[in-house]
Structure formats: structure tokens, C-alpha cells
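Report on the structure given below.
Read the figures in this text as sums done on the coordinates, not as results from a lab. Owing to the predicted nature of the structure, the values given are computational and were not obtained by experimental measurement. Glycine gets a Cβ as well: all are built from the backbone with ideal geometry, and neighbour counts include every protein chain shown.
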Ligand code: S5P
């Protein structure tokens, strides 16, 4: 192979680095702009690049190669072809349908994965990618990078115990170009000054604590929920999907001390009578200090929703502290829920749900702007202004054979920054619901505390 310097000059001819004044995504003005994607369009260069990257470290240890999407995907593919190390593909976004997998390809738990990145700046996208690969129980120890912009990313990853192997860094690139008459001394000086003043301190996004959310909460029901969560050290909502009054009251009594709210589907109680079902339920809620959440999932025009909320045998308005509602009827359909909190259904947990990205975006707009809304039900992160309720949690199962898809408490608190987890069959179908509630409560609280930690990348 030619020398590294000659190789760089060949790459440079493809227009991968431009000098001048560029406003970056962050708003900062940079004296240079890097885009390595053209390298993939020259097969000879891509192949040589793959070999340069592979030559930087011993390869005996790696079972897999993975590129950070998108620019590093062809590089990782070429490295795989040159080294015969199998490739896995990391998605940028989880699939909407089917498996929801973030990593595609054939791999086994515990395998070592070599990660490939085109340019490292703050290290943010690498940190996020590593977390997702590690979530699949794969190991990452080494990262190869084509160009280091020398703005702190390498140090960040090394401080977390990863080995970062960079083929080029911006200083040596400037020297090569200066020697070759491509860059003036003034330009080099300007770049050096920029690099001195622009070490990006990448702060990982951390979640707000219940205490912070309590202080900022506007709605009285949000405040109450957060207050109970803090007092009981619980973020558990038990879903009481039982069909008789006796079973409902029995469950409420047993799980009451450990939960912040009991979620009902009141229309599945076959022997419902307001006096015999609701009045004792309210007593139990008062005794054990939890709120009542009626999971009615209203989905009609405002006038009909108002009737469904206030009339009929259930008279939900008289006893529920908060209710769930679809937002498909639009903003004004939520106006009728004046005396309760509304949890908007933003995304559903079932396989094949129609709550696509674009639906969720629109649903969130309604939820965020309506004063009655305290939170959303979703399997995806939502803005911190409203509370996130996540059902589909089960420690023992991954599904129910009827389309329900389950996650663990650890996943939803760490990855989604969930506020409250909703557990149904994991508790009420267990042999000992009281003990099960306690286990979920402890697991949920532990996962919440872990999710407050700034540095979730562990070794
Ligand atoms: O997307 C959703 C929304 C809700 S509210 N997925 C859900 O499962 N739910 C409700 O949560 C569902 O109606 C049920 O009452 C509970 C989950 O029960 P589990 O037995 O599957 O834990």
C-alpha cells in the first residue's frame, strides 16, 4: 500500500474536507467541514480505507463488525469483506412493525463487536450506539474512527474505558495539506485556534427526578401522583383487569400499599353496582393512599365522550382521579375532562399498532397543548413536560400470544425515561399478587434510581 500520507491526499481529492466558514448543526461556526461519504463512491479508495482501518489493531478478538449509521456503514461492510469478520447492521430507528429490533444480522449474546465510525467529534453518536449494542448483550471494547476532529470525543470514550483507534486527526491532516501547499499558514492558525476553544463537553441527557417534576407540575393530579410516588418510593400502577367486584376489591386491598394508582377497566366488571363496587374501592384507595385511573380510552367526538364520562352506570366523573383517552377526536374532544387528569394514548404496546411515528407526533402536539393532559401512554420517549406511563411490562414473559409485547422495568426507565409503569397480568395473575406487587415496586424504583445516573455506560 502507498504511504498513509499519499492515501490521505487521494481521499482529499474526493472533496471530503472543505475549508472556509461553516455553521454547524450546533450553531457553532467552524473553519472546516468534514463529510466522508464520498469515500464510498470510489471502490479502490474504500477498499484501501478498509485495510488501513483493519491494520490499526489486532483482529483475533472480534466476532462482529458494526458501523455507526449511515456514513460508516459502507466502511464497515468493506472491512467485513476484507477481514471475513461478520457484519451486523445497526438501525437508526427501531422498526415500526414486527420485531422492533435495533440490530439486524446474525449474532449471539456475549460476542465482541468492533465498532466503526467515520468522524468523531463530541462522541455523542458513539455513546448512543454503544448503549444500543450493549443492550443486545454484545461487548464493545474497540472503536475505529477514520477522522478525529479533536474536539473531545476520543477522550470521553477513553475515560469510559473504550479503546479508540483513529486513522487521521485534524491536526495531522492540516500539516499534510500545509506541506502540500493546499492550506495557507493563516488558515492552519485559524483551525488551531478553533480547536483550542471548541472542546465540546458532551453531557448525556439525564432525566428529571420525581422531585423536580413535582416542583414543576402544573396539574393537581400530576402533583398528587408524584407526591405519592416520592412518599411510597413507588412508580407502580397495577392494572386490575379482573371481572368481578370481589376480585377487584381483593386485589386493591392486597396491592394497595405498594402502588401509586390502580388502573381499572370498569366496564369489564360483570356485577358492577356503583354502591357495591365504587364506594368500597374508594375507601380502599383512601386507606392505602393510591389514585384511581380509569383506562376508558375515550375515542369519540367531544359531546359523546362527555356523556360516556359523566353518565351511564359507571359515572366515571364521580370517582376517577384520572382517565385515559385517545386523542383521535382532536384537541377539543378532551375539553370535557375538566375535573380529572387525562393520560393521552400516544403509542400502543400491541403488535401492528397503527400509532406510527407520524401519528405519535400529531398525538403529542395535542397532548402537550391541552391543559387537562397530565401525561401520555407510550412505548417511546416523550417530552418531559408531561408524565410518561408505560404498559407492557412483565418480568417473566415477552408476550401473551395475543399481540401484547412486554419490556422489562430496566428497559423502560433507562431507555424511555418512563415515569410510571403499568403492570397487569404480571401482578393480578400471580399466585401471590401482594408479593408480586412488592417485587415490581422494588424493581421499578431501583430502575428509576439507576436511570437518574449520568453515566449509564458500564464496564
Ligand atoms: O398500549 C397500551 C395501552 C394500555 S393502557 N397497552 C396496554 O397494554 N394498555 C393496558 O395496560 C391494557 O389495556 C391492560 O389493561 C394493561 C396491560 O396489561 P398486561 O396484563 O399486559 O400487563
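Of 322, 32, the sequence from fewest to most neighbouring Cβ atoms within 10 angstrom is 32, 322. Per-peptide packing, taken as the mean over residues of other Cβ atoms within 10 Å, places 136-143, 219-226, 192-199 in the sequence 219-226, 136-143, 192-199 from highest down.
Calculate the tail of P(r) for the chain: the fraction of all Cα-Cα distances greater than 41 Å, expressed in %. Here the long-distance tail beyond 41 Å is 33 percent of all Cα pairs in the chain. Divide by every residue of the chain the summed helix terms, -39500 (n - 2.57) for each DSSP H run of at least 4, and state the resulting mean residue ellipticity at 222 nm, rounded to the nearest 500 deg cm²/dmol. The helix-only estimate for the chain comes to -11000 deg cm²/dmol at 222 nm. Let me make sure I get this right: for segment 210-458, a, b and c are the square roots of the gyration tensor eigenvalues over alpha carbons, sorted descending. Under 1.5 in a/c it's rounded, otherwise prolate if a/b > b/c, else oblate. Which is it? Rounded, since a/c falls under 1.5. Indicate the gyration tensor shape class of segment 380-452 (rounded, prolate or oblate), computed on the Cα atoms with a ≥ b ≥ c the square roots of the eigenvalues: a/c under 1.5 is rounded; otherwise a/b larger than b/c is prolate and the rest oblate. Verdict is oblate for segment 380-452.
Of the beta bridges in segment 75-159, as assigned by DSSP with both residues counted there, near 20 percent are antiparallel. DSSP finds beta bridges in the chain, and of those with both partners inside it, around 15 percent are antiparallel. All Cα-Cα distances of segment 4-200, cut into 10 Å bins from zero to the largest, leave 8, 35, 35, 17, 4, 0 percent in each bin in turn. Bridges between two residues of segment 4-200, per DSSP, are antiparallel at a rate of about 25%.
Remark: relative contact order (segment 4-200) = 16 percent; criterion is Cα-Cα distance under 8 angstrom and separation of 6 or more residues. Using the alpha-carbon atoms, what tilt in degrees (0 to 90, nearest 10) does helix 220-232 show relative to the longest principal axis of the chain? Roughly 80 degrees between the two axes. Seen against the Cα atoms of the chain and their longest principal axis, helix 433-452 is set at about 30 degrees. Taking Cα atoms only, the orientation of helix 245-255 departs from the longest principal axis of the chain by about 50 degrees. Each 10 Å bin from 0 upward holds the following percent of the Cα-Cα pairs of segment 166-294: 11, 26, 16, 9, 7, 10, 11, 8, 2.
Most tightly packed first, judged by the mean number of other beta-carbon atoms within 10 Å of their residues, the peptides 234-240, 49-55, 292-298 read 234-240, 292-298, 49-55.
Using the average count of surrounding beta-carbon atoms within 10 Å as a protection proxy, the listed peptides 62-69, 257-264, 109-116 rank, highest first, as 257-264, 62-69, 109-116.
Once a ≥ b ≥ c are taken as the square roots of the eigenvalues of the Cα gyration tensor of segment 124-169, is the result rounded (a/c under 1.5), prolate (a/b larger than b/c) or oblate (a/b not larger than b/c)? Prolate.
Taking all Cα pairs closer than 8 Å and separated by 6 or more residues, the relative contact order of the chain comes to 10 percent.
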